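Have a look at the structure below before the remarks.
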Amino acid sequence: MTKPPKIEKFDLQPGRIIGGTYEVESFLGGGYEGEVYKVTEFRTGVPRTAKLYYPHRNENDSDAMNFARKLEMLRDCSIVIQYHHVETLRIKRHAVTCLISEYVDGIILSKYIASHPGKRMPPYKALSLIYALVVGLEEIHWKNEYHGDIHSENILIRPQGIFFDVKLVDFYNLGRSNKERRKEDIKDTITLLHEAVGGNKWYAKAPQEIKDICRGLRRDLILERFPTVRHLREHLETF
Ligand SMILES: Nc1ncnc2c1ncn2[C@@H]1O[C@H](COP(=O)(O)OP(=O)(O)O)[C@@H](O)[C@H]1O
Ligand SMILES: [Mg+2]
């Protein structure tokens with residue numbers, strides 16, 4: 001078998017037609033695996049998200065296929081983006097896998113946190129946000145799955161009054177789901193709460209309700225108190 005071609009950058013320009021069906025609108029983000037674009041289905045004007053995989057980082061197509069199957073399996077979970085389909089694009093004369101999903105018109109969580117005075121959310125607001133995430137994560141864990149990469153660049157939010165609509169956009173494949181991987185999601189969610197209220201800089205001044213959850217970000221203490229995401233949800237519901 002020939003080695004997959006090494007493409008460092010797709011760099012698709014707005015207006016470019018891909019897959020015969022979509023027009024590129026804008027670049028949304030990029031990372032190790034590939035690049036993500038907002039596209040429009042030009043026959044309908046419906047916006048979608050296209051994730052293009054660098055062939056050399058997606059050997060045997062396994063990352064893209066895992067992501068697609070996971071999204072499909074979790075399609076009833078309210079915080080998971082809806083999967084549409086995959087297709088093969090020709091880019092720089094190579095076959096490139098492209099995964100089409102729902103487009104979420106939201107704010108990336110890191111930016112949202114930074115938009116607050118002092119770049120930190122008021123504790124009550126951060127708790128409300130984390131609660132929405134926890135309720136959704138419980139659905140994922142209930143289906144015996146895990147996220148694997150919960151952090152503020154992989155969460156899109158749409159504030160709705162005092163509530164939050166939360167979407168997870170990225171999953172990380174670390175292999176089969178098990179208790180340890182689900183525990184890591186709990187630890188990552190609580191680390192996110194810590195980040196939302198201002199991180200290390202403000203932790204000492206944080207209210208006791210926050211400290212009772214973050215527990216100095218000590219993994220052992222966190223997991224002793226919240227061995228499953230249900231424990232964390234139930235705790236948040238006592239406020
Ligand atoms: N469905 C989506 N709707 C809107 N924006 C998205 C969507 N998926 C991803 N994005 C944006 O693109 C960025 C990169 O996407 P992501 O799937 O996290 O890829 P990466 O592997 O590069 O981390 C995200 O941080 C987010 O800003
Ligand atoms: Mg990401």
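Between residues in the stretch 137-166 that are farther than 12 Å from I108 by Cα and among the aliphatic types (A, V, I, L, M) and residues that are within 11 Å of ligand 1 (Cβ to nearest atom) and assigned to a strand (DSSP E or B), which pairs lie under 9 Å by C-beta distance while being six or more apart or on different chains? Taking only residues 6 or more apart or on different chains, the pairs are L137/L168; I140/V80; I140/L168; I150/L168. Of all residues in the stretch 133-162, those being in contact with a Ser or Thr (Cβ under 8 Å, 6 or more places away or on another chain) and within 18 Å of R69 (Cβ to Cβ) number 5. Regarding S110, is this residue surrounded by fewer than 19 Cβ atoms within 10 Å (Cβ to Cβ), in a helix (DSSP H, G or I) and within 15 Å of ligand 2 (Cβ to nearest atom)? Considered against the rule, which asks whether it is surrounded by fewer than 19 Cβ atoms within 10 Å (Cβ to Cβ), in a helix (DSSP H, G or I) and within 15 Å of ligand 2 (Cβ to nearest atom), S110 comes out as yes. Taking every residue in the stretch 1-15 that is not assigned by TED's automatic domain parsing to the domain that holds G29 and pairing it with any residue that is modelled with pLDDT under 95 and assigned to a loop (DSSP other than H, G, I, E, B), at least 6 positions away or on another chain, the pairs with Cβ-Cβ distances below 7 Å are I7/K92. Quick check: anything in the stretch 139-150 of a type in the set (G, A, S), under 30 Å from R57 (Cβ atoms) and not in a loop (DSSP other than H, G, I, E, B)? No, the conditions are met nowhere in the stretch 139-150. V36 fulfils the conditions (1) farther than 19 Å from K167 by Cβ; (2) in contact with a Gly (Cβ under 7 Å, 6 or more places away or on another chain); (3) of a type in the set (A, V, I, L, M) except for a single criterion, (1). For the stretch 196-213, how many residues are surrounded by fewer than 18 Cβ atoms within 10 Å (Cβ to Cβ) and either within 22 Å of E153 (Cβ to Cβ) or among the hydrophobic types (A, V, I, L, M, F, W, C) (or both)? Qualifying residue count for the region: 6. Filtering the stretch 113-138 down to residues that are assigned to a loop (DSSP other than H, G, I, E, B) and surrounded by fewer than 17 Cβ atoms within 10 Å (Cβ to Cβ), which residue is farthest from ligand 2 (Cβ to nearest atom)? Among residues in the stretch 113-138 that are assigned to a loop (DSSP other than H, G, I, E, B) and surrounded by fewer than 17 Cβ atoms within 10 Å (Cβ to Cβ), the one farthest from ligand 2 (Cβ to nearest atom) is P122.
Can you spot a residue in the stretch 23-44 that is surrounded by fewer than 17 Cβ atoms within 10 Å (Cβ to Cβ), assigned to a strand (DSSP E or B) and among the aromatic types (F, W, Y)? Yes: one or more hits.
If you go through the stretch 1-22 and keep only what is within 22 Å of D61 (Cβ to Cβ) and in a strand (DSSP E or B), you end up with I18, Y22.
With respect to the conditions (1) within 30 Å of S177 (Cβ to Cβ); (2) outside the structural domain of V169 (by TED's automatic domain parsing), L89 falls short on a single one, namely (1).
Only a single item in (1) of a type in the set (D, E, K, R); (2) over 30 Å from P4 (Cα atoms); (3) away from ligand 2 (no atom under 16 Å from the Cβ) is not met by R93, and it is number (2). Candidates in the stretch 102-156 are the residues that are over 13 Å from the mean Cα position of the chain (by Cα) and of a type in the set (G, A, S); of these, the one that is farthest from N200 (Cα to Cα) is A132.
Scanning the stretch 146-160 for residues that are surrounded by 20 or more Cβ atoms within 10 Å (Cβ to Cβ) and not hydrophobic (A, V, I, L, M, F, W, C), we see that the one that is nearest to ligand 1 (Cβ to nearest atom) is N154. Within the stretch 74-81, does at least one residue satisfy the condition of being more than 21 Å from I155 (Cα to Cα) and away from ligand 2 (no atom under 16 Å from the Cβ)? Checked the stretch 74-81: no residue is more than 21 Å from I155 (Cα to Cα) and away from ligand 2 (no atom under 16 Å from the Cβ). Confirm whether V166 is within 14 Å of the chain's Cα centre (by Cα), on the phi < 0 side of the Ramachandran plot and of a type in the set (A, V, I, L, M). Answer is yes for this residue.
The values are calculated or read from the model by the stated rules, or taken from the named source; none is laboratory data. None of these values were measured; they are calculated from a predicted model. Positions of Cβ are backbone-derived with ideal geometry, glycine not excepted, and every protein chain shown enters the neighbour counts.
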